[in-house]
Amino acid sequence: MKVSKSILAAVCVVSLALAGGAFAKDTKKVENEYPYATRIEPKPEMSSGDQRDLNKAADLVNDNKPDEAQPLVEKVLANSKASKYAQSFAHQLQGQIYYDKDKSAEAIAEYKKAVEIDGLTNAQHFSIILTIAQLQLQDEKYQEGLATLEQWQKLSGKETADELALKGNAYYRLDQYQPAVDAMKKAISMSDKPNDSWTQILMASYFALNQFDQAAQLVQQQIAKDPNNKKLLNQLATIYIQGDKPQQALDLMAKAKAQGLVTTSDDYVQLAKLYAAAEKPKDAAATLKEGIAKGVVQPTFDIYKLQGDVCLQAEDDACAIEGYGKASPMAKDGNVDYQLGYLLFYSSKSKDAIEALTRAISKGGLRQEGETYLLRGDAENDIDQSAAAMTDWQKAATYPNTKTMADQRIKAAKGGVKIKRAEKKKS
């Protein structure tokens, strides 16, 4: 099952904050972050005037005053004698200004100019390349983003968890799920505190590859660290269901209930459905009734219909009649009323059955239209409404699937034979 990319983008965002935050103002020697870089690092030289203007502009940018910084940046860019370092730095600042104004395309263009001029230190230069990749991913230019990340890795001679996570994200968006898995697994292994979104993308990639066992193992590892995390338990149950392991999903959620972790409407409904799928309708009915009784499960058509369905399977007719009865006013077609009428008839409540079956016919959309007329005729016959019963049986005789049964009733009635109540079908 491919997880919806729209439902998945809401929960799997990769941080796009600009790397580095404030701009460096000094050139003091620091530890070399890129000892294996293939790029020859230029010396960060510029005039005192340009340095003064750019430092002031950087302060203004970092203080969220881009409009005040703009003239100072333009001044350096217009200076034909400005050093490559000053020009690159100015374009970097201009990119930040555009970024702060939500002008992503213009920001990328300025950052690219800063890279092309090639005047910054390795730390600044590589930071800008990584920023370009982040913005390209933000703009859904995933192939371009991957190319930029490859450029960053080649020039910097470095591989980091953040960079690999960006690649994994891009691969996922491009439907390249195995590369996404490989990149995200490596990113997670390299990080002491991997971002939750990385795990989500990894799990989504496993889903897309139908590798449910691997997805389950991933969530199991998380649950081992946080055994009472309901979100993780629900995720694991979903994985088991998708992996065609309903019994494991049921065992998991039943255990969660025993631990007091089944507390919401969704929890109760999910557990009830799991019991029903496992052919344990009595447990399904008990679970749903408990949730409704506690006021946790909110009354809706789907909830009441589910109550009717599971209670019918559990042969708890009173409970099923209650569920279908409450669902009836909210039903858009007559199928719930048909089920209700059927149960009422076999509960010796023929008058109430006639009312329900009449509503069913009036609402229409019936999957068992012939059966509805046949059953209403039986209910009418049961309370000695012979003429009405004959009319309904004759109507039922026009449907291929009920013609034989209707003709038998008509013949018997005309012959003066008392028609006995048919036996209730087993659920």
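Go through the range 144-175 and give me each residue that's basic (Lys, Arg) and part of a helix (DSSP H, G or I). Lay out the reasoning, then the answer.
Start the filter on the range 144-175 by keeping residues that are basic (Lys, Arg), which leaves 154, 158, 167, 173.
Scanning the range 144-175 gives Lys154, Lys167, Arg173.
If you go through the range 186-203, how many residues are surrounded by fewer than 23 Cβ atoms within 10 Å (Cβ to Cβ) and either at pLDDT below 95 or among the aliphatic types (A, V, I, L, M) (or both)? It would help to see each step written out before you state the result.
Taking the range 186-203 as the starting set, the residues that turn out to be surrounded by fewer than 23 Cβ atoms within 10 Å (Cβ to Cβ) are 186, 188-197, 199-200.
Subset that is either at pLDDT below 95 or among the aliphatic types (A, V, I, L, M) (or both): 188-197, 199-200.
Qualifying residue count for the region: 12.
Here are some residues: Asn64, Asn32. Which one is part of a loop (DSSP other than H, G, I, E, B), within 17 Å of Ile97 (Cβ to Cβ) and under 45 Å from the mean Cα position of the chain (by Cα)? Please lay out each step first, then the result.
On the way: Asn32 fails: within 17 Å of Ile97 (Cβ to Cβ).
Checking each option against the conditions leaves just Asn64.
Could you list, in sequence order, the residues of the range 283-314 that are assigned to a loop (DSSP other than H, G, I, E, B), modelled with pLDDT of 90 or more and surrounded by fewer than 20 Cβ atoms within 10 Å (Cβ to Cβ)? Let's see the steps before the verdict.
Taking the range 283-314 first, the residues assigned to a loop (DSSP other than H, G, I, E, B) are 294-300, 314.
Checking which are modelled with pLDDT of 90 or more leaves us with 294-297, 300.
Across the range 283-314, the qualifying residues are Lys294, Gly295, Val296, Thr300.
I need the full set of residues from the range 224-245 which are buried (at least 16 other Cβ atoms within 10 Å of the Cβ) and over 22 Å from Val296 (Cα atoms), in order please.
Leu236, Ile239, Tyr240, Ile241, Gln242, Gly243, Lys245
Pull up the range 315-330, narrow it to residues that are surrounded by 21 or more Cβ atoms within 10 Å (Cβ to Cβ) and not polar (S, T, N, Q), then point me to the one that is farthest from Ser362 (Cα to Cα). So that I can check it myself, show each step before the final result.
Going through the range 315-330, the residues surrounded by 21 or more Cβ atoms within 10 Å (Cβ to Cβ) turn out to be 320-321, 323-324, 327-328.
Now drop any that are not not polar (S, T, N, Q), which leaves 320-321, 323-324, 327.
Values: Ala320: 22, Ile321: 20, Gly323: 20, Tyr324: 17, Ala327: 16 Å.
Filtering the range 315-330 for residues that are surrounded by 21 or more Cβ atoms within 10 Å (Cβ to Cβ) and not polar (S, T, N, Q), the one farthest from Ser362 (Cα to Cα) comes out as Ala320.
Across the range 255-282, what is the total count of residues that are surrounded by 16 or more Cβ atoms within 10 Å (Cβ to Cβ) and farther than 29 Å from Gly325 by Cα?
The qualifying residues number 2.
Got at least one residue in the range 49-61 being among the charged types (D, E, K, R) and either under 23 Å from Glu31 (Cα atoms) or part of a loop (DSSP other than H, G, I, E, B) (or both)? Full working, then the answer.
Step one: filter the range 49-61 for residues among the charged types (D, E, K, R), giving 50, 52-53, 56, 59.
Now restrict to residues that are either under 23 Å from Glu31 (Cα atoms) or part of a loop (DSSP other than H, G, I, E, B) (or both): none.
Within the range 49-61 (the criterion being among the charged types (D, E, K, R) and either under 23 Å from Glu31 (Cα atoms) or part of a loop (DSSP other than H, G, I, E, B) (or both)), the answer is no, since none of the residues qualifies.
Please find, within the range 331-359, the residue that is surrounded by the fewest Cβ atoms within 10 Å (Cβ to Cβ) out of those that are over 27 Å from Gly291 (Cα atoms) and of a type in the set (Lys, Arg).
This residue is Lys351.
Name the single residue, out of those in the range 227-243 being in contact (Cβ under 8 Å) with a residue 12 or more places away in the chain and either touching a Ser or Thr at 6+ places or on another chain (Cβ under 6 Å) or not in a helix (DSSP H, G or I) (or both), that is nearest to Tyr275 (Cα to Cα).
Result: Gly243.
Could you list, in sequence order, the residues of the range 372-413 that are part of a helix (DSSP H, G or I), surrounded by fewer than 16 Cβ atoms within 10 Å (Cβ to Cβ), hydroxyl-bearing (Ser, Thr, Tyr) and modelled with pLDDT of 95 or more?
Thr391, Thr404
Please work out which residue is surrounded by the fewest Cβ atoms within 10 Å (Cβ to Cβ), limiting yourself to the range 49-106 and to residues that are hydroxyl-bearing (Ser, Thr, Tyr) and free of Cβ contacts under 8 Å to residues at least 40 places away in the same chain.
Of all residues in the range 49-106, those hydroxyl-bearing (Ser, Thr, Tyr) come to 80, 83, 85, 88, 98-99, 104.
Checking which are free of Cβ contacts under 8 Å to residues at least 40 places away in the same chain leaves us with 80, 83, 88, 98, 104.
Details: Ser80: 6, Ser83: 20, Ser88: 27, Tyr98: 19, Ser104: 16.
Restricting to residues being hydroxyl-bearing (Ser, Thr, Tyr) and free of Cβ contacts under 8 Å to residues at least 40 places away in the same chain, the top hit is Ser80.
What's the total number of residues in the range 137-160 that are of a type in the set (Gly, Ala, Ser), modelled with pLDDT of 95 or more and under 19 Å from Pro35 (Cα atoms)?
Residues of the range 137-160 of a type in the set (Gly, Ala, Ser): 145, 147, 156-157.
Remaining after also requiring modelled with pLDDT of 95 or more: 145, 147.
Within this subset, residues satisfying the condition of being under 19 Å from Pro35 (Cα atoms) are none.
Result for the range 137-160: 0.
The values are calculated or read from the model by the stated rules, or taken from the named source; none is laboratory data. In this text, all values refer to a predicted model and were calculated from it rather than measured experimentally. Cβ atoms come from the backbone with ideal geometry, glycine included; neighbour counts cover every protein chain shown.
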